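Okay, so here's the structure we're looking at.
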Amino acid sequence: MGKVIESTQGAIWDVPFPAVTVCDLNIVSRRAARQLADNLTLPENVTADFIYETFRLVPLLYSTFIAEPEEKDHLKTLQSVLDYNNMSIEALVLKLSPAATCNNLVQRCMWKNAIYRCEDIFKPIFTLLSLCCTFNYFAVEDQSTSMTSEGYHSKSPRRVASCGYQTALTALLYTDPEDYYSATVASQGALVIIDNAYNIPDLDSPVRMVNPATEVLIALSPERTYTTAGIKSVSPAQRQCYYSDEVGEHLFFCAEDVSNNLTRHGHILQCLPECEHYDYPLEVALGRLAESVYVNGLPFFVDVNLKNRSLLNVFFNDLVSTRYRRDVYLNWQNILAAFGGLLSLMLGFTLISGFDLILFFAVRVPYDCVTTMVPKKTTPQKIHVKELHKKESWMEQTLYPREYKENSFENTKSGSYEYRKY
């Protein structure tokens, strides 16, 4: 199996626009942590200041970092407080995250030169990084999907028919450096994840960082990869992908199933990608966002405070896309065509003539052998008697001697015998 470029002139309107996910590097808001610690009902031996300090450890609940024994004791105390207040971990993250409402993180949005309310096209989702806000996301079925220009929920990923700056998504991001309280990255700003609209944003997705007071241009060069029907006969382990009609609910595993399988069998369950998928290689250009520059003719910047803001632009780089095809290198048809062409070119021998030769020896020769071995049936011979003394015979010999001799010779050659009666 191999992957080849089928075309470099695919139209971009046939390619769905990717999902754009924005994650604030600040996982716990300082103001939200202080407010929640003061409003919780606490046991007698726990203070609000202790809960406020323990909120710094919230990222350890789902991150890959290992907590120290003292941190584990503090988290156990926090868990008892949450149980005392009937609050789940999900509700705790929603109260502490600065992206609990996407209007805080994404303050102004424009899609295809039309300004939208950000809560209409962005929605909060949980990722391995933190609580994020995403656009054009369809991996998890949700009724609060992004709205169309007519006000209805979009049932499929959005598309664009143009390329270039401000022809797709433009968003104004706000990250407050003074509100930072707990983060897993030693930097300020936001992470932008570009991935397929049906993929869950993960650590293996393309990620770019957007720092405060910067403008970032992310130019996408979409690529589509599809697999021909000839590969479907090959097992998924060999072709390393699944067709859309081969994937069922039983093929999706939770983290507990993966860990149990690793403990019992010593290997991780293999999750293969789709045979038809879209990739979005990107190029990034950035610069410092000037606060005092007057931008004329752009309603997006009207009455906007650019302090600690970042401007994000995501668009297609060109009007065409690249289409790849995955197919089998050699099958029986390709092998026959290759050998037949080489034999006819170098030896003057084709597969059709070879087939005729085999057919001759397999059918004609046995048939001739069988027919020669079977005895032929003999037919009784006819005897013609000519009476020469009669008048008719005498007249034929006298008047037509040549015709008489030829008739006598043909009768003799054909195997008939003449008996002349005088």
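For Leu42, are the conditions met, namely being more than 28 Å from Leu312 (Cα to Cα) and either assigned to a helix (DSSP H, G or I) or within 35 Å of the chain's Cα centre (by Cα) (or both)?
Taking the combined requirement at face value, the residue does not satisfy it.
State whether one or more residues within the stretch 48-62 are modelled with pLDDT of 90 or more, under 22 Å from Asp195 (Cα atoms) and surrounded by 14 or more Cβ atoms within 10 Å (Cβ to Cβ).
Taking every residue of the stretch 48-62 in turn, none turns out to be modelled with pLDDT of 90 or more, under 22 Å from Asp195 (Cα atoms) and surrounded by 14 or more Cβ atoms within 10 Å (Cβ to Cβ).
From (1) closer than 22 Å to Tyr198 by Cα; (2) over 19 Å from the mean Cα position of the chain (by Cα); (3) among the small types (Gly, Ala, Ser); (4) modelled with pLDDT of 80 or more, pick out the condition that doesn't hold for Ala255.
Of the numbered conditions (1) closer than 22 Å to Tyr198 by Cα; (2) over 19 Å from the mean Cα position of the chain (by Cα); (3) among the small types (Gly, Ala, Ser); (4) modelled with pLDDT of 80 or more, the odd one out for Ala255 is (4).
Is it true that some residue in the stretch 5-13 is buried (at least 17 other Cβ atoms within 10 Å of the Cβ) and not in a strand (DSSP E or B)?
Within the stretch 5-13, one or more residues are buried (at least 17 other Cβ atoms within 10 Å of the Cβ) and not in a strand (DSSP E or B).
Looking only at the stretch 7-42, which residues are hydroxyl-bearing (Ser, Thr, Tyr) and closer than 27 Å to Pro281 by Cα?
Those that are hydroxyl-bearing (Ser, Thr, Tyr) and closer than 27 Å to Pro281 by Cα: Ser7, Thr8, Thr21.
Could you count how many residues in the stretch 63-72 are of a type in the set (D, E, K, R) and surrounded by 14 or more Cβ atoms within 10 Å (Cβ to Cβ)?
1
For residues that are part of a loop (DSSP other than H, G, I, E, B), in contact with a Lys or Arg (Cβ under 9 Å, 6 or more places away or on another chain) and not aromatic (Phe, Trp, Tyr), tally how many sit in the stretch 99-140.
2
Run down Leu312, Leu306 and say which single residue is under 16 Å from Thr214 (Cα atoms) and modelled with pLDDT of 85 or more.
Leu312
Pull up the stretch 302-327, narrow it to residues that are under 22 Å from Pro177 (Cβ atoms) and not small (Gly, Ala, Ser), then point me to the one that is nearest to the chain's Cα centre (by Cα).
Per the stated criteria, the residue is Leu312.
Considering only the stretch 83-98, I want to know if a residue exists there that is assigned by TED's automatic domain parsing to the domain that holds Leu172, closer than 20 Å to Ser310 by Cβ and of a type in the set (S, T, N, Q).
Yes, that holds for at least one residue.
For the stretch 165-228, give me every one of the strands (runs of 3 or more DSSP E) that falls completely inside it and has 1 or more residues that are among the hydroxyl-bearing types (Ser, Thr, Tyr).
By residue number, 169-174, 180-183, 214-220, 223-227.
May I ask you to say which residue of Ala213, Ala197 is small (Gly, Ala, Ser), buried (at least 16 other Cβ atoms within 10 Å of the Cβ), closer than 18 Å to Tyr137 by Cα and touching a residue at least 40 places away in the same chain (Cβ under 8 Å)?
Ala197
Conditions first: (1) within 30 Å of Thr175 (Cβ to Cβ); (2) touching a strand residue (DSSP E or B) at 6+ places or on another chain (Cβ under 9 Å). Thr8 passes all but one, so which condition is the exception?
(1)
Within the stretch 30-43, can one find any residue that is in the same structural domain as Ser310 (by TED's automatic domain parsing) and touching a strand residue (DSSP E or B) at 6+ places or on another chain (Cβ under 7 Å)?
Yes, the stretch 30-43 has at least one match.
Working only within the stretch 54-73, note down all residues that are touching a residue at least 24 places away in the same chain (Cβ under 8 Å) and touching a helix residue (DSSP H, G or I) at 6+ places or on another chain (Cβ under 9 Å).
Of everything in the stretch 54-73, those that are touching a residue at least 24 places away in the same chain (Cβ under 8 Å) and touching a helix residue (DSSP H, G or I) at 6+ places or on another chain (Cβ under 9 Å) turn out to be Thr54, Phe55, Arg56, Leu57, Val58, Leu61, Tyr62, Phe65.
The values are calculated or read from the model by the stated rules, or taken from the named source; none is laboratory data. Small disclaimer: the values here were computed from a predicted structure and weren't measured. Neighbour counts run over all protein chains shown; Cβ positions are idealised from the backbone, glycine included.
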